[in-house]
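The structure appears below as C-alpha cells.
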Amino acid sequence: MEPGRKTILWLLALFTLAMLPQLLQAPAPVAIMTVLPLAWRLAAELRKWKPLPAIVRHGMTVLGLVALFAAYGNLAGRRAAVSLLMVMLSLKLVECYRIRDARLVVSFSLFLCTTQFLFTQGILMPLYGAAIVILALVTLTHLHRKEAWAHRGEPPVVRASLVSELGFSLRLLALAVPLGLAFFVLFPRLGSPLWGIPETTLDSKSGLSDSMSPGSIQSLFMDDTPAFRVEFAGEVPRPDQLYWRGPVFWRFDGSTWKSGFYGRNVAAEDLPKAGAGSWMYTVQLEPNERNWLFTLDYPVRPPADARISMDFQVLRREPVIQLMQYTATSEPDFIDSPRLSDTLRTEALAVPEDSSPRTRELVRRWRQETANDKAFAERVL
C-alpha cells in the first residue's frame, strides 16, 4: 500500500528538520548527495514523476559512498558515521513507495535527530528534539490509521485531520512523561556513555576545536591529559619557540571563527628549506577525531599521508582516531610571503555588516590613533 502524497510531504519535512543541523556541518560532497535525492523526491511528488529505475538508484548509492569516502577517507569517525546515516536515509526517500518504507524513514529520522546530541547539547536542543518527536509521532499516527482503515475507509468517529493526529500524538507524549520522569530520577547516571561521547569532549584534550567563539574557549581546558608528546632529535627549542600550529581560522560570521574554504596545498617551491637551525622531532598524537597534525612553524615537509596547506596547516586525509606517531622537520627562520593571496585576504577581512557595532567603533578609533598597520597591530595586542 502506498503512503500517499500528503504522507510523503510530511516525511520530507520530517527528514529535512532532522538532518538540517548535520547538513550545515557536512562537507560539500556529502551535502550534495543528501540534498539531491531529497529535491528529486519532492519534485517527483509535486509533478507526479515515475519512480527511478533500479540501476539509477544503485548508481546514486555508489555515488553517495564515493562522496563519503572522498570527504572522510573512511567511515570510522563519529561524524562520518552520522553522515552515512544521513545520505542513506535521503536515498531511501527515493524508493519510499510503501507504508513500511515510510515507517522506516520516520524511525531513522528520529535516530538522526538523536545523533545531533553527540555534537552539541545547547539550550535549544531539547526544543529542537521535541519538535522532531512531535512531527514524527504525527506522521506515524497518520501511517497507522491509513493502513488500519484502508480496507473499510475512515471510521466516522475519527477525523483524520492534522489537528486530530496532532492531538492524538500529544496525548501519547503526555502518557509517556511519567515514565520518562521515573527513568530520569531512578536510573543511575553512567560515568561514560555506552557507545559514544560528544565530539567536543575530545576537543578539550587537544585544547582546540574546529571553530572558536567568545565564551567557548573555557570548555577546551577541562582535560589536563596530554594532547601529544614530542621527542626532539637534537637540542630542545626555547619555550618562546614552541609555537605549535594546528587549525587556522579564516572565516568569521560575527560570532564564530571557522576554517576557510580555501584549502589549496602550498607549492613545493614555496616550502621552507631545511637548514642548520632546523628542528627534527617525533610526535605521538593522541586520538582527537580531527585531521590536524601539530608541527612547529614552519614545516619543511609533510608526514606520510598528509599535506601542507597554503596557511601551513598540516592536514591528514583521514581523522586521527587512534594513537599515531609521525616525524617532522621545521625551519624556524623561514619568512613567509609578506602578502596574502587575494582569495585569502578577502576571506580573512570579511566581516558581516551588522555584527558588533561597538567593536567596529573601537577599531575605527584605534585606527585614527595609530600611524600605521604595525602600530595598530601592537595596539590591539
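The values are calculated or read from the model by the stated rules, or taken from the named source; none is laboratory data. As the structure is a computational prediction, the values presented were derived from the model and not from experiment. Cβ atoms come from the backbone with ideal geometry, glycine included; neighbour counts cover every protein chain shown.
Screening Arg345, Arg307, Arg365 for residues that are modelled with pLDDT of 85 or more, surrounded by 12 or more Cβ atoms within 10 Å (Cβ to Cβ) and basic (Lys, Arg) leaves exactly one candidate, Arg307.
Remark: pairs (first residue in segment 355-373, not assigned by TED's automatic domain parsing to the domain that holds Arg251; second residue among the hydrophobic types (A, V, I, L, M, F, W, C) and at pLDDT 85 or above; Cβ separation under 8 Å; 6+ apart in sequence or on different chains) = Trp366/Phe376; Arg367/Phe376; Thr370/Phe376.
The set of residues in segment 132-147 that are touching a residue at least 40 places away in the same chain (Cβ under 8 Å) and among the basic types (Lys, Arg) contains only Lys146.
For (1) in contact (Cβ under 8 Å) with a residue 40 or more places away in the chain; (2) farther than 27 Å from Val320 by Cα; (3) outside the structural domain of Arg316 (by TED's automatic domain parsing), each residue gets a yes or a no:
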| residue | (1), (2), (3) |
| --- | --- |
| Trp49 | no, yes, yes |
| Arg57 | no, yes, yes |
| Ala70 | yes, no, yes |
| Arg79 | yes, no, yes |
| Val106 | yes, yes, yes |
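Of all residues assigned to segment 272-283, none qualifies as being touching a residue at least 60 places away in the same chain (Cβ under 8 Å), closer than 20 Å to Thr225 by Cα and assigned by TED's automatic domain parsing to the domain that holds Leu323.
So that you can scan it fast, the table gives a plain yes or no per residue for (1) touching a Pro at 6+ places or on another chain (Cβ under 9 Å); (2) over 23 Å from Ser341 (Cα atoms):
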| residue | (1), (2) |
| --- | --- |
| Asp253 | yes, no |
| Ala268 | no, no |
| Pro272 | yes, no |
| Met280 | no, yes |
| Asp305 | no, yes |
| Phe312 | yes, no |
| Tyr326 | yes, yes |
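Pairs are defined by a Cβ separation below 8 Å, a sequence spacing of at least 6 or placement on different chains, a first member in segment 236-249 that is under 17 Å from Ala328 (Cβ atoms), and a second member that is assigned to a helix (DSSP H, G or I); the pairs so defined are Gly246/Ser206.
Meeting the requirement of 2 or more residues that are surrounded by fewer than 16 Cβ atoms within 10 Å (Cβ to Cβ) and not hydrophobic (A, V, I, L, M, F, W, C), the helices (runs of 4 or more DSSP H) wholly within segment 1-112 are 5-25, 54-72. Scanning segment 121-152 for residues that are modelled with pLDDT under 75 and farther than 20 Å from Arg100 by Cα turns up Gln121, Gly122. Comparison of Pro247, Pro155 shows that the only residue that is at pLDDT below 80, part of a loop (DSSP other than H, G, I, E, B) and either within 30 Å of Glu353 (Cβ to Cβ) or not assigned by TED's automatic domain parsing to the domain that holds Trp279 (or both) is Pro155.
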